[in-house]
Amino acid sequence: MPYTAEISRTNPGCFIFLVDQSASMSDPMESGETTQPRAEVVSNAINRLLTELSVKCAKEEGVRDYFHVAVIGYGHNRVGSAYQGTLAGRDLVPLSEVANNPARVESRTKKVSDGAGGLVETSVQFPVWMDPVTNGGTPMTRALGYANTLVGHWVDMHPGGFPPIVLNLTDGESTDGDPTSAAIGLASHATADGPVLLFNLHVSGSGGAPITFPDSEEALPDTYAKLLFQMSSVLPSHMRSYAASQGHRVSESTRGFVYNADIVSIVEFLDIGTRATELR
Amino acid sequence: MAVSRDGRPGHGPGSGHGPGAGSARKFPTGANYAEALQHPELCFSDPDLKHGTVQQSPVLGPKPISGNFASVFSVTATNGQRYALKCFTRDSATLGKRYSAISTALGGLGGPGAGGLSQPWPVGFDFLEQGVLVGREWYPAVKMTWVQGTGLINWIEGNLHDPAALHSLADRFLAMTADLEKNGIAHGDLQHGNLLVAADATFRLVDYDGMYVPALRGEQATENGHRNYQSPSRTAADFGPAMDRFSAWTIELALLAVATDPGLWTQLHDRQGEFLILSEMDFKEPATSLAWPVLLSHPDRRVRDVAGRVKGFLGRPTSALPPLTADAVRLPAQRRAPAPASASGAGGYGAGGGLGGSRPTVTSWTPAASGASASGVPAWMAGRIAASTAAPGVTQSPVQQPAGGRAGLSGFGGRSAGDLAAALGALLSTSVPGALVLAAAQPVDVLPAAQGVALLTSAALVGFGRRRRPEYRAARKRVRELKRRSRELADPASLHQRLEKEIRVLDDAIAKDNTASDQRVQALQLELRDGQARITMDLNRRTDQAQQQLAGLAAKERRRVDKALEPAIRAHIQDKLRRTSIQDARSLSNMGNKMVQALQDAGIRTAADFIGVDFSHNPSVVYLVRPGGQRIRVPGIGEARATALSDWRQGLEHRARASAPTTVPPAAKAQIKADIAALRRTHKAEIKQAEAEALQKKAALQQRITDERGRLTGQRQQRAMDTQRRRAELLQQQKQLAGAEAERGRVEAELGVVRGEARGALGVGRYVRFLVTGR
């Protein structure tokens, strides 16, 4: 049965985040009571997820390398690592190194319950690995090609492992040609445990209702949305049941795709899309 | 044991937001808890925790230890007491109920000692309904006493070369599982991560989320345990007192195996692997496992026996497995006739109960790799080497059994080509000059000179031939050795040093060899795993296409049928149209007799005589299109009439289509079915072929790896035996240094004997006789 391989230090998993850094990512989107540039919402979500993964894989002796993680930005004339600080320029990085090397740890203020019915403002530590960048076009085809190279190498080194998962977060149409064949090429890599998974998320500022994890393209508004849907892999069964447990309606053909995502569905997308088979 | 029932009553303001029983709610993630725990004064209600200090990680704040469904944090209270706080990341409505039942059951066990537990394995806990405040809601948590202990894998690695310690740990493990069995309790997730070994080498069992106690009868399991410790047949329905048995046996087998032969750990445990010596694939696909053959053919009988039992459990339902008892892992001869499970539970804490003194005696083996002196032989060598070399304590004089052997001293044996050449040469050189003399009647004074040369030559040849004899060489070597030894015995201290050094070199060499071969075995395992994965990948790629073709065959068949029907349908429509006179068009509101006449005049007599109308170029100029494609104008037919005519004809066609034949003639249908069946067979054959090839490739790969490993094992055994023998000799020599003077006398005496023999039995005279007679 595909997508059941054990994820362990001897059999690590692989996440590649592709983050759109085009100019339009500076457009605002709603974030609670305020608005924030889309790029800021996305980089916050990725930073939070890297903390989440580090916590999930932490053991007595420290963070274990159950995963290797790449964060690749694509924007003006550039496709490459979006890590900052010591990890700058690196592609796939073992999770323990990620955990130990955020670019910085910010102190952010947050209102939390004071346990007596009121709210109190406290500061919380927030590790940061990537910052929002917005500039130029959306070279999605090149970004998928970049991921293709990383994935090809990974699959060759880990033929029996859980297949790599590529999560693409974008707000616009590809500006360097139809990405379909690049996506097909990427998903044609496979380990013995199944083909590479490509999940897509379309960020929106429009405020319309997000379409999360659809199982057909019928409800999708336009050809661009349909194209992203077709590029997205069907969710493996353990992610499907997790999505169901989180209140999503799913079927056997539910795909890893969110259209018109708001801030909540970005977090959900990352949470469901990086859900591993059991981690010990 | 500090086990309270339900934690503290909920009195915080957040309790109103608590979960209703049975409703699944989204629990905080590990990172959510880590963030909340940055402010213990806000997120806790328990006073110990509220004023406590949360242990921090180097970079990311509160330091978590995460499992599949929870993250654990370390909190030290102001009084110095350290707690482990377990925060759940997955909702379980029955969590509180379960922990309450577990608390009651464990509380009733009593402490360690006579009649109680074998060791203090239970860990005290409080279930806190209001554990942690995250956001605006309280979430439950389990507050446990912090256990100081070493994880099982680390402990094994630290004691790998202490077989006695490993054996007594195996006994303790057995005793602990007996405690559980006796009380009808099962842990649910016995695995290395949940087994801590305290400083006194007794177990602490942690993580009770999946624990079964009798009060939970009828419940379902919330988790199925670690995949590398479970029978493939375990399901959530197996929640009950027997659910630990498979994992218990697996762990006991691992402990016994590495206690008996630490090389098994190096060979079978992956560095950083989440298992001991067996993992999921060994259980799911035992046929392709490399571990089973190693264990099942291990020279140690008990390892073989226990491994055989565990392997036998693979096909069986977990509930049908026997409990792990001390008697079950004894060798048959040592088993007690009736062995009640409870008997093994009474070992007493700290006494290492269970097996006690009934252990086989192979435990004294300390491998050369440890650097310590070898005082025994590894189990797998037993019976393969002579007792005298297996046990260096047995007196064995190197003088009596020299390295070179003494067989040669009884004389020469078996003439070789060299001997024959020497004999021939000697014969020729002495006889030829004689023959010359006789033939040529040389002057007399020449004769002695020639004969002298000839005799010298033959003597040299005989001497050369004799020196080439192995017997002679061995004797010479022995003489040299004895001389050196005699010299050394005059200075016992330096000899002792030399022997010491030689033993060290020997130990280092074998340790290095063993490490290299262990690494090679591990590499082979990896090669097998990756190789099998690659074969599967290739198979998937090859069969994917065929599978898709197969899936599309039904649609293909429908298309073929439709296509086969098409001519019959067309003929039927044509026939119907032809049978409909254009006169019938008079029923149309805008068509009168005059128009019909005009159509007939233009050659349109039936509905089949035109196929459509065309006014695309100019709406005022209307053409009727004839079946051949030619366009004709009919006077009086404008846009409206043309449209009506076209609709009339289409209506006719539509009705005709409805009455058209729907079944393909039997012959055509049979042909289609046959074609599709042939395609199906082809694709299925392709898949079968690919599968068979993959299977063959996998078998070949496994064979290659198994052979290679067999070769390595053989080499290793040979090396170990050689080393042992040599080591025993050296040790013996060292031992005898005490009587160096007497020994020197013996050596001198033997030297005399060997020299004498070399001169006698291996002397020139004997050699010449040997050359001539072969004896």
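Is at least one residue of region A:167-179 touching a helix residue (DSSP H, G or I) at 6+ places or on another chain (Cβ under 7 Å), away from every other protein chain (no Cβ under 14 Å), part of a helix (DSSP H, G or I) and surrounded by fewer than 20 Cβ atoms within 10 Å (Cβ to Cβ)?
no
What number of residues within region B:505-543 satisfy the criterion of being under 21 Å from A:G194 (Cβ atoms), more than 9 Å from every other protein chain (Cβ to nearest Cβ) and free of Cβ contacts under 8 Å to residues at least 24 places away in the same chain?
0
Look at B:L37 and say whether it is among the aliphatic types (A, V, I, L, M) and within 11 Å of another protein chain (Cβ to nearest Cβ).
Yes; evaluated as a whole, the condition is true for this residue.
When region B:64-88 is examined, which residues are found to be at the interface with chain A (Cβ under 9 Å from one of its Cβ atoms), crowded, with 21+ Cβ neighbours inside 10 Å and modelled with pLDDT of 90 or more?
Within region B:64-88, B:P64, B:S66, B:S71 qualify.
Please name all residue pairs, on different chains or six or more residues apart, with Cβ atoms under 7 Å, provided the first residue is in region B:604-630 and is closer than 16 Å to B:Q574 by Cα and the second residue is part of a loop (DSSP other than H, G, I, E, B) and hydroxyl-bearing (S, T, Y).
B:T606/B:T580; B:A607/B:T580
Test B:A105 against the criterion of being buried (at least 20 other Cβ atoms within 10 Å of the Cβ), part of a helix (DSSP H, G or I) and facing chain A (nearest Cβ under 9 Å), and give yes or no.
no
I'd like to check something: does region A:145-154 contain any residue that is more than 24 Å from A:D262 (Cα to Cα), buried (at least 18 other Cβ atoms within 10 Å of the Cβ) and within 14 Å of chain B (Cβ to nearest Cβ)?
The answer is yes, given that some residue of region A:145-154 is more than 24 Å from A:D262 (Cα to Cα), buried (at least 18 other Cβ atoms within 10 Å of the Cβ) and within 14 Å of chain B (Cβ to nearest Cβ).
What do you reckon, is A:V93 without any contact (Cβ under 8 Å) to a residue 40 or more places away in the chain and either more than 11 Å from chain B (Cβ to nearest Cβ) or under 21 Å from the mean Cα position of the chain (by Cα) (or both)?
yes
Among (1) away from chain B (no Cβ under 14 Å); (2) closer than 24 Å to A:V151 by Cα; (3) crowded, with 21+ Cβ neighbours inside 10 Å, where does A:A192 come up short?
Going through (1) away from chain B (no Cβ under 14 Å); (2) closer than 24 Å to A:V151 by Cα; (3) crowded, with 21+ Cβ neighbours inside 10 Å one by one, A:A192 breaks only (1).
When you scan region A:204-221, do you find a residue that is acidic (D, E) and in contact (Cβ under 8 Å) with a residue 12 or more places away in the chain, even just one?
Looking for residues that are acidic (D, E) and in contact (Cβ under 8 Å) with a residue 12 or more places away in the chain, one finds at least one in region A:204-221, hence yes.
Answer yes or no: is there a residue in region B:85-97 that is under 19 Å from B:A186 (Cβ atoms) and not in a loop (DSSP other than H, G, I, E, B).
Checking region B:85-97: at least one residue is under 19 Å from B:A186 (Cβ atoms) and not in a loop (DSSP other than H, G, I, E, B).
Does B:Q191 satisfy the criteria of being crowded, with 22+ Cβ neighbours inside 10 Å, within 14 Å of another protein chain (Cβ to nearest Cβ), farther than 25 Å from B:G225 by Cβ and not basic (K, R)?
So B:Q191 fails the test.
Of all residues in region A:100-120, which are facing chain B (nearest Cβ under 9 Å), part of a strand (DSSP E or B) and surrounded by fewer than 19 Cβ atoms within 10 Å (Cβ to Cβ)?
Of everything in region A:100-120, those that are facing chain B (nearest Cβ under 9 Å), part of a strand (DSSP E or B) and surrounded by fewer than 19 Cβ atoms within 10 Å (Cβ to Cβ) turn out to be A:V105, A:K110, A:L119, A:V120.
Can you find, within region A:259-280, the residue that is modelled with the highest pLDDT among those that are in a loop (DSSP other than H, G, I, E, B) and within 12 Å of another protein chain (Cβ to nearest Cβ)?
A:T274
Are there any pairs with C-beta distances below 7 angstrom linking a residue in region B:696-713 that is at negative phi to a residue that is of a type in the set (G, A, S), with the two at least 6 apart or on different chains, and if so which?
Taking only residues 6 or more apart or on different chains, the pairs are B:L701/B:G531; B:L712/B:S517.
Examine region B:725-742 for a residue that is of a type outside the set (S, T, N, Q), crowded, with 17+ Cβ neighbours inside 10 Å and more than 21 Å from B:L489 (Cβ to Cβ), and state whether such a residue exists.
For region B:725-742, residues of a type outside the set (S, T, N, Q), crowded, with 17+ Cβ neighbours inside 10 Å and more than 21 Å from B:L489 (Cβ to Cβ): absent.
Here is a check on your reading of the model: is A:A187 crowded, with 19+ Cβ neighbours inside 10 Å, of a type in the set (A, V, I, L, M) and within 13 Å of chain B (Cβ to nearest Cβ)?
Yes, satisfied.
Would you point out the residue of region A:28-41, among those that are among the charged types (D, E, K, R) and either at pLDDT below 90 or touching a Ser or Thr at 6+ places or on another chain (Cβ under 7 Å) (or both), that is farthest from A:G73 (Cα to Cα)?
That would be A:E33.
I'd like the full set of residues that are of a type outside the set (V, I, T) and out of contact with any strand residue (DSSP E or B) (no Cβ under 7 Å at 6 or more places or on another chain), limited to region B:86-99.
Those that are of a type outside the set (V, I, T) and out of contact with any strand residue (DSSP E or B) (no Cβ under 7 Å at 6 or more places or on another chain): B:R90, B:D91, B:S92, B:A93, B:K97, B:R98.
Give the residues of region B:527-574 that are in contact with a helix residue (DSSP H, G or I) (Cβ under 8 Å, 6 or more places away or on another chain) and of a type in the set (D, E), sorted by residue number.
Listed by number, the residues that qualify are B:E527, B:D538, B:E557.
Search region A:121-135 for residues that are touching a residue at least 60 places away in the same chain (Cβ under 8 Å) and within 14 Å of another protein chain (Cβ to nearest Cβ) and pair each with any residue that is in a strand (DSSP E or B) and not charged (D, E, K, R) when their beta-carbon atoms are under 9 Å apart and the residues are at least 6 apart or on different chains.
If the second residue must be in a strand (DSSP E or B) and not charged (D, E, K, R), the pairs left are A:F126/A:V105; A:F126/A:S107; A:P127/A:V105; A:P127/B:G61; A:V128/A:V105; A:W129/A:V71.
Among what's in region B:259-276 and is assigned to a loop (DSSP other than H, G, I, E, B) and within 14 Å of chain A (Cβ to nearest Cβ), pick the residue that is surrounded by the fewest Cβ atoms within 10 Å (Cβ to Cβ).
Of everything passing the filter in region B:259-276, B:R271 is surrounded by the fewest Cβ atoms within 10 Å (Cβ to Cβ).
Surrounded by 15 or more Cβ atoms within 10 Å (Cβ to Cβ) and at pLDDT below 50: which single residue out of B:G30, B:G7, B:G22, B:G16 fits that description?
B:G7
List the residue pairs whose Cβ atoms are under 9 Å apart, where the first residue sits in region A:55-80 and is away from every other protein chain (no Cβ under 14 Å), the second is buried (at least 24 other Cβ atoms within 10 Å of the Cβ) and acidic (D, E), and the two are 6 or more positions apart or on different chains.
Filtered contacts from region A:55-80: A:G73/A:D20; A:Y74/A:D20; A:G75/A:D20.
Which condition breaks for B:T222 when tested against (1) in contact (Cβ under 8 Å) with a residue 24 or more places away in the chain; (2) assigned to a loop (DSSP other than H, G, I, E, B); (3) away from chain A (no Cβ under 14 Å)?
Only one criterion in (1) in contact (Cβ under 8 Å) with a residue 24 or more places away in the chain; (2) assigned to a loop (DSSP other than H, G, I, E, B); (3) away from chain A (no Cβ under 14 Å) is unmet by B:T222, namely (3).
Against the definition (aromatic (F, W, Y), surrounded by fewer than 19 Cβ atoms within 10 Å (Cβ to Cβ), in contact (Cβ under 8 Å) with a residue 12 or more places away in the chain and within 14 Å of another protein chain (Cβ to nearest Cβ)), how does B:W146 come out, yes or no?
Judged against the criteria, B:W146 is a match.
The values are calculated or read from the model by the stated rules, or taken from the named source; none is laboratory data. Computed from a predicted model, the values in this text were never measured in an experiment. With ideal geometry, Cβ positions are generated from the backbone for all residues, glycine too; neighbour counts draw on all protein chains shown.
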